[in-house]
């Protein structure tokens with residue numbers, strides 16, 4: 001909400017003796033940003049385009065374990081498992097993250113090689129952190 005006062009019918013800030021009025025600005029926040037990202041397996045030149053969630057709250061890059069199995073990405077075992085919690089702070093039903101993949105991600109003219117941790121994402125296939 002914004003406080004303004006009116007003088008001569010025009011909303012102004014700061015000076016004058018007019019009465020202060022509360023003005024509420026309402027707008028709908030964008031809660032989710034979805035992008036169509038092409039993910040390419042390294043060394044194979046095979047790719048798949050997926051609807052990807054861009055998440056400002058994510059601390060890493062994630063890929064769903066079912067997608068990894070379906071497209072046969074090469075797994076890289078982590079030295080130590082990583083416990084993962086969902087947005088509601090409950091441990092992920094898929095358990096700890098034990099593997100990751102490395103792939104090229106393409107969005108429009110942008111390409112980046114990235115590592116994505118494999119976990120249970122439910123209906124979402126990829127979650128990208130917003131850097």
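The rows are residues; the columns are (1) at pLDDT below 90; (2) closer than 17 Å to residue 53 by Cα; (3) surrounded by 14 or more Cβ atoms within 10 Å (Cβ to Cβ).
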{"position": "79", "(1), (2), (3)": "no, no, no"}
{"position": "83", "(1), (2), (3)": "yes, no, no"}
{"position": "89", "(1), (2), (3)": "yes, no, no"}
{"position": "99", "(1), (2), (3)": "no, no, yes"}
{"position": "103", "(1), (2), (3)": "no, yes, yes"}
{"position": "112", "(1), (2), (3)": "no, yes, no"}
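Of all the residues that make up region 69-110, how many are more than 16 Å from residue 43 (Cα to Cα) and outside any loop (DSSP other than H, G, I, E, B)?
Of the residues in that region, 16 qualify.
Contact map, region 60-74: first residue under 22 Å from residue 129 (Cα atoms), second residue in a helix (DSSP H, G or I), Cβ cut-off under 9 Å, separation 6 or more or different chains; pairs are 73/67.
The values are calculated or read from the model by the stated rules, or taken from the named source; none is laboratory data. Just so it is clear, the model here is predicted, and its values are computed rather than measured. Every residue, glycine among them, receives a Cβ derived from its backbone with ideal geometry; neighbour counts consider all protein chains shown.
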